Amino acid sequence: MYLFVPAGRDQATVEADLPEDLMQATGRLTHAMDFTADPGRQLARSDVHQVLKSIAEKGYYLQMPQTEADIEAMMTIISAEKSGNRPL
């Protein structure tokens, strides 16, 4: 799962601005990468226009895993992180 947020914000601010139910569902966030999303850029799994629209309207865009295997892998990671373990 990826959470796209506006550039230039520190993690504490990002987490404070997200809905509580989203933070409970995702657990601790980990920064993955920075990149510039513009209407001319193609993203692998999401429509860049939807990403930009959601960020403008809600302050974030949540990209969920697309396959059952992706979801199972993500749930394993979330479970491990909530129990204090970091998966390899």
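A few comments on the model shown:
- Take every Cα pair under 8 Å whose residues are at least 6 apart in sequence, average their separation, divide by the length of the chain, and the relative contact order is 40 percent.
- Nearest-ten-degree value, helix 68-82 long axis tilted from longest Cα axis of the chain: 70 degrees
- The trypsin sites (Lys or Arg not before Pro) of segment 1-62 that meet both conditions, a loop assignment by DSSP and at most 14 other Cβ atoms within 10 Å of the site Cβ, are ARG9, ARG28, ARG41, ARG45.
- Within segment 9-85, chymotrypsin sites (Phe, Trp or Tyr not before Pro) in DSSP loop having at most 13 other beta-carbon neighbours inside 10 Å: PHE35
- Cα gyration tensor shape of the chain, rounded if a/c is under 1.5, else prolate or oblate by comparing a/b with b/c: oblate
- Helical runs (DSSP H, four residues minimum) scored at -39500 (n - 2.57) apiece and divided by the length of the chain put the mean residue ellipticity at 222 nm at -13500 deg cm²/dmol.
- Using a Förster distance of 30 Å, the FRET efficiency for LEU52-GLN11 (Cβ separation, nearest 0.05): 0.90
- Cα→Cβ-extended label distance, 7 Å offset, between ASP34 and GLU81, nm: 2.0 nm
FYI, it's all coordinate maths here, none of it is from the lab. None of these values were measured; they are calculated from a predicted model. Ideal geometry is used to build each Cβ from the backbone, glycine not excepted, and the neighbour counts take in all protein chains shown.
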